[in-house]
Every structure is written in structure tokens, then in C-alpha cells.
Amino acid sequence: MKKSLEELRRELNANSHNAEELCRGLSEEQLSWRPEPGRWSIAELLVHLNLTNQTYVPAIEVAVREGRSRGLTAPAQPFELGFVGAQFARSMEPQRMKMSAPKMICPLLQGPAVEALPQFLRSQDLVVRAMDASDGLDLASVKFTSPFFKLLRLSAIAGFAVIAAHERRHLWQAEQILPLLESKRNPQAS
């Protein structure tokens, strides 16, 4: 599987747009409502994505700086994710295998739920800045170690693809909460 930075930027923009649409008009109570014990609310899903981006991106940034200092340049192009990178990115897509999040990125709402969306959007800017900083590098050769799974080394391009897929996964989960909120608000509709 190959991905280009431009394609991944479009995916991130679509994720940001989907998050904004998803949260449009939702109240503090609706954003923080959990569909059942043990499942995250919409706000918690966004906090999780924010925490993940804030943890993942610095690891990629270090690899990008090292790659630049080693002269690992290449023209802008689609880059091969590699077998492990492609598999990991696919596993993050919506409706794939169920996973547990590492404790360090389990969401804990600390403040109003309505702040979760702006925080997520700021973390999106962090990802885009890292992508911009990596432009011109051979992103298949620039490698980083996952901050969550120390034995997992991925290319920078795979890291960006994992971020985009992971966001789609949790935004899809958040979308599944909307009909439940509607049936809670209007019991006759269910």
C-alpha cells in the first residue's frame, strides 16, 4: 500500500470536517454522555485522539529531524507503507478488530466536554505541521519507534497513515452514538 503526504493531508482534513459536523449543535451533556458503562462518550473519543496525536507526533518529529540530518531526501511521491505499516494502518480502520487503548492515552475529561473538539482540531494542526516538516524526505526510509509498542518500528509515512486511520475509527465510533442520543432524547422514535 502506498500513500502520499497530499493524500494523507486530505484524509486529515476530512477527519477534522467530520469531527466538526459530528459535534455541531451537541450540548455539554450530549458530548459527555456514555452509551453504556465502559464505552467512551463523543468527547472522550476526541480526547483520546488528541492524546494519541500528542504522543505519536513527537516520535515522528524526532525521526524526521534525524532523517533530514542523514540526508534521506526524495521527491514528493506516494511512499510504500511497508508490510507491517500497512497492516497496522488497516487494523486501525473502523470496524476492524477490537483493541484496548494503552493507559497513557485513555481519556479523562478534565474540563468541559465542549473543549474536546477544539483540542482535537489543535492536535490536527500538530500532525499537519509534522507532515509539512517531513516534506522532501524519503518517508519510507525515515523510521520511528512507536511510543505505545516499543518493539514496533514504522516508517514516517506509515505513522501518518496510522494516525488518519485511527481517527476514522474513533470518529466512526462517535457517529454510532448519535442515534442513541436521539433515541434517548425522543423515546417514541425507538
Report whether or not Leu151 is assigned to a loop (DSSP other than H, G, I, E, B), at pLDDT below 95 and over 14 Å from Glu11 (Cβ atoms). yes
Look through segment 69-97, keep the residues that are part of a helix (DSSP H, G or I) and touching a helix residue (DSSP H, G or I) at 6+ places or on another chain (Cβ under 9 Å), and return whichever of them is surrounded by the most Cβ atoms within 10 Å (Cβ to Cβ). Gly85
Starting from segment 98-113, take each residue that is surrounded by 10 or more Cβ atoms within 10 Å (Cβ to Cβ) and in a loop (DSSP other than H, G, I, E, B) and list its partners that are of a type in the set (A, V, I, L, M) and modelled with pLDDT of 75 or more, counting only C-beta distances under 7 angstrom and pairs at least six apart or across chains. Pro107/Val47; Pro107/Leu51; Leu109/Ala43; Leu109/Val47
I'm told Ala14 meets every condition in (1) surrounded by fewer than 16 Cβ atoms within 10 Å (Cβ to Cβ); (2) under 20 Å from the mean Cα position of the chain (by Cα); (3) within 14 Å of Ser141 (Cα to Cα); (4) not polar (S, T, N, Q) except one. Can you identify the failing condition by its number? (3)
Failed criterion for Tyr56 (all others in (1) assigned to a loop (DSSP other than H, G, I, E, B); (2) touching a Gly at 6+ places or on another chain (Cβ under 7 Å); (3) hydroxyl-bearing (Ser, Thr, Tyr) hold): (1)
Of the numbered conditions (1) modelled with pLDDT under 95; (2) under 23 Å from Leu151 (Cα atoms), Val64 satisfies every one except a single condition; which is it? (1)
So Ala140 passes all but one of these: (1) surrounded by 15 or more Cβ atoms within 10 Å (Cβ to Cβ); (2) of a type in the set (A, V, I, L, M, F, W, C); (3) out of contact with any Asp or Glu (no Cβ under 8 Å at 6 or more places or on another chain); (4) outside any helix (DSSP H, G or I). Which condition number does it fail? (3)
Taking Ser100 as the residue in question, decide whether it is out of contact with any helix residue (DSSP H, G or I) (no Cβ under 8 Å at 6 or more places or on another chain), small (Gly, Ala, Ser) and under 22 Å from Ile177 (Cα atoms). yes
Test: residue in segment 39-57 that is in contact with a Cys (Cβ under 6 Å, 6 or more places away or on another chain), in contact (Cβ under 8 Å) with a residue 12 or more places away in the chain and among the hydrophobic types (A, V, I, L, M, F, W, C): no
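The values are calculated or read from the model by the stated rules, or taken from the named source; none is laboratory data. Values in this document were obtained by computation on a predicted structure and should not be read as measured data. Note that we place each Cβ from the backbone using ideal geometry, even for glycine, and neighbour counts take in every protein chain shown.
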